[in-house]
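Scroll down for the structure; my scribbles are underneath it.
The values are calculated or read from the model by the stated rules, or taken from the named source; none is laboratory data. This structure is a prediction, so every number in the text was calculated from the model and none was measured. A quick note on method: Cβ atoms are made from the backbone with ideal geometry, for glycine too, and the neighbour counts reach across all protein chains shown. All accessible areas refer to the heavy atoms of the entire protein, side chains included, with ligands and DNA or RNA removed. Shrake-Rupley method; radii C 1.70, N 1.55, O 1.52, S 1.80 Å.
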Amino acid sequence: MVPTFLLSALYLSSFKETLLEQEQEHLSQFADKKVKEVEDYISERIADAFTLSQSGEVIELFSQLLTHYQIDREGRDYLGVLEDYQEVYQQYTDYGYLDLLFITPSEEVIFSLTDKHKFDKEQLPGEAFSHGLHGVIQKAKYFLESSSSSFEYSPLLKQATAYIGAPILLDGKLLGVIVLQVDSQIIQRVTLDVSGNLSSREVVVAAKRGSYFSYQAQLKYDSEVEIGGLLPVFKLPEPLSNAIAGLRGVVFAEDYRGEQVIAATRYIPSVQWGLVLKEDLDDVMLAYHELLRLSIFMFLVVIFCVLLLSGFLGRWLAKPFESMIEITQAIASGTTKSTIQPQGTKESYALALSFNQMTHSLALARETLEQQVEERTRDLTYEISLRESKEQALTESYKELNESMERMQSMQSQLVETEKMASLGGLVAGFAHELNTPIGVAITASSLFLRELIILEECYKNSTLTEVVFDQYLSEIKDTCFLLDKNLKRTASLVSNFKLVAVEQTNLHKEKFDLRDLVDSLLKSLTPETKKYPVEIINEIPDGIIINSYAGDFYQLLTNLVLNAMIHAFDGMKEGMLTICASQCQYNLVLTVADNGKGVSQDHLSCLFEPFFTTRRGSGGSGLGLSIVYNIVTHKLRGDIQVSSIPGQGTEFIITFPIDIEELSESVLTP
C-alpha cells in the first residue's frame, strides 16, 4: 500500500507541475500576442501620421492656414479654408480616427476636424489640453520625431483616447505638428478577445500617472469601474504593478477582486501600459482537483478491501497463536516449565516445537543468570564504596586547591601594589633629590642678597656710601637676583612636570592629548632616575599625533618600559641609547621603544610578560613591571604588544593600539 500511495502522490505532483508549466507557457505566448497586436496597431498609426506629415498637400495647407490664422483667426479667409479642408479630411474619421489636428510650434490648434480641440493658447496646458497631446507635441518640436501617447480618459468623448504626432518639416525647418487622435477600440478588441477553454480568462490593461493609475478597458468582473478614471496607486493589484514597472513574467498573486490568479505581466512601451493576462487559479487547477478527488476515492476503496481481507486472514492465522500468548504470559509471570501443544499449520507446528525448546533453554539460563547477578552485585557494592572514598578525597583536594588559589591571588595583588608603591617611592625620592639642589642654591642666594642689602644700608646711614661702592653692591645684587630667579624657575618647572605626571596617572577618564608632548613631560619627570645611567633617551615621535585615550595609562606604560630598560638593558655598560618613536597606520598607532643594550636571550623572551618572572630576583626585582605593561596594552588600551631581541644588540618593544578608544567601542557594539 505504501509504494502505491507514494507513486500516486508522485504522479499527482508531477501532473500538477506539468499543468501549471503548460498554462504559464500558454499565458506567456498569448500575452506576447496581445502586446504585438497593440504595438502593431500603434506602429501603423504612427506610420499614417508620418506619411501624412510628409505629404505636399498637408505642407501647403498648413502654410496657408498658418498665414490666414496669424492675420485674422476670425477672418473669412481662415474660416473658409478651414471649412473646405474639414470636408476633405473627414474621411479619416471613417478610418477609425477621432480627430485630425494641425498645431503650430507655439502649441496653437489651427485645424481640427471636430472643433473639439479649438481653444486659445492661454488655456495650454489646462484641462482641455491633454497631458498626452502635450507630450507628442513636445517630442515633435524638440526631437523632430513621430511618437504616440498613452491612452487617457477624455471627458469630452467619454472614452479613452491617444494621440499620434509627427513633425511637419519644410526644407528642414519645423512648420508645425500634425496629430491624429485614435479611440480605444483596439483596447476593447484586445480585452474581449480571450479565446480559450477557461471562462475566467481576462485581459486587464492600466496606465500609471504619478500617484494615480487608471484602467484603460472595461473590467470583466467590475462594471462600475470608470475607464480612465484615476484611482490611488495603493489600490493597484500586484500583477498590474509588476506590468507597469516593466517586469515581464508569470506570477501567482491576487487580482483586483482579491482572488488568487495566475497572471502573465507585460509592458507596452508605445502606449506606456501595463498588460495582465490572467486566469483564476482554481479554474486552472480544476482538472488537477478532479483527478485528486478520484485518486482519493480509489485509494479509500483499496484500503477498505485490504483491511477487510486482512481481518479475515488475521483471524484464521492468529488462532494457533492464542495458546502461545497464554504460555508467554505465564513465562513472563515466572513460570518457565510450561509447554505448548503443537497445532495449526505447518509453520505454527514448527514454531510450537521451537518455542518449547526455547522455554527449556530459558529455564536453564535463568538459573545461571541469578548466580551471575549475585556475584555482580557484590562486585558493584565494593566498587561503589571505593568510588565514594575517592570522591571524598577529591573534594578535600579541590577545597585545598581553591584556598591556595585565593592566597596566590591575594599575594599577587599585594605584590602589584607593592611594585606600584616602590615605583612611586623611587620617583618621589628622585624628585626630592633633584629639587633639593635648586632650592639650596635659592636659599643661599637669598641669604647673600639680604647680607648685601644690610651692608648697603649701613653704608648709607654712616654716609660712607660712595658711587664705586654702590655700583659694586648693585652688581652683586643683580647677580644674586639672577641666580635666585634661575633656580626658582627650575624648581617651578620640576614641580609643574611632577604635578602633571601625578594628575595624569590618577586620571581615569579618556581625553585627547599630543603624544610627543606627553613623552617629553614624562622624560623630564624621570630625569632624576634616568640621569643615574649613561643612556641617551631620544624622542622621535612626530608632532601632531593626537590620541583620544587614557593619558595616565600611557605614563605608567612608558615609565615601566623606560625604567625596565635602564635597569636591565644597560647594566654594566658605559653608554647606551633608548629611542621612542611612533607612526600612524589608518586608525591605529604603532609605538616603538627600542634600545641598543644587552638584549634578552631566547629562553627568557617568551616569559617576559609572565607575572613574577624576573632575572634580578635577588636584587630587588619583582617581575611585575612588564606584566603590568602587558595588561595595560591588551585590556585598557585594547591593543597588542610584541617584543624582539638579539643578545648583544638590543631589545625592541612594538605596541599597536587604536588612536581613538571611543570609535573602537562604537564599532564593536554596532552589529
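What to note about this one:
- Of all aspartates and glutamates in the structure, those lying under 13 Å Cα to Cα from Lys636, and not within fewer than 8 positions of it along the same chain, are Asp553, Asp660, Glu662.
- Net charge of neighbours whose Cβ lies under 14 Å from the Cβ of Tyr41, counting Lys and Arg as +1 and Asp and Glu as -1: -2
- Rounded if a/c under 1.5, otherwise prolate or oblate - the stretch 527-618, Cα gyration tensor axes: prolate
- For the stretch 1-104, accessible area per residue (1.4 Å probe, heavy atoms of protein chains only), Å²: 58 Å²
- Cβ-derived FRET efficiency at R0 45 Å, Lys532 paired with Thr466, nearest 0.05: 0.30
- Using a probe radius of 1.4 angstrom, the carbon and sulfur fraction of the accessible surface of the stretch 1-111 is 53%.
- Of all accessible heavy-atom area on the stretch 529-574, the percent that carbon and sulfur account for (1.4 Å): 49 percent
- Check: the stretch 207-253 dipole with +1 on Lys, Arg Cβ and -1 on Asp, Glu Cβ, in debye: 200 debye
- Candidate cross-link partners of Lys489 among the aspartates and glutamates, defined by an alpha-carbon separation under 16 Å and a same-chain spacing of 8 or more, comprise Glu434, Asp479.
- Cα gyration tensor shape for the stretch 134-176, rounded if a/c is under 1.5, else prolate or oblate: prolate
- Under 20 Å of direct C-alpha separation, and excluding same-chain neighbours fewer than eight residues apart, Lys399 reaches these aspartates and glutamates: Glu388, Glu391.
- The accessible surface of the stretch 253-297, taken with every protein chain in place and a 1.4 Å probe, is 56 percent carbon and sulfur.
- Of Lys36/Lys278; Lys139/Lys235; Lys486/Lys574, pairs whose Cα-Cα distance is over 21 Å: Lys139/Lys235; Lys486/Lys574
- When the GluC sites (Glu not before Pro) in the stretch 213-266 are filtered for DSSP coil states and for at most 11 other beta-carbon atoms within 10 Å of their beta-carbon, the remaining sites are Glu224.
- Given charges at Cβ of Lys, Arg, Asp, Glu: the stretch 239-305 dipole, positive-most of Leu240, Gln272, Tyr288: Gln272
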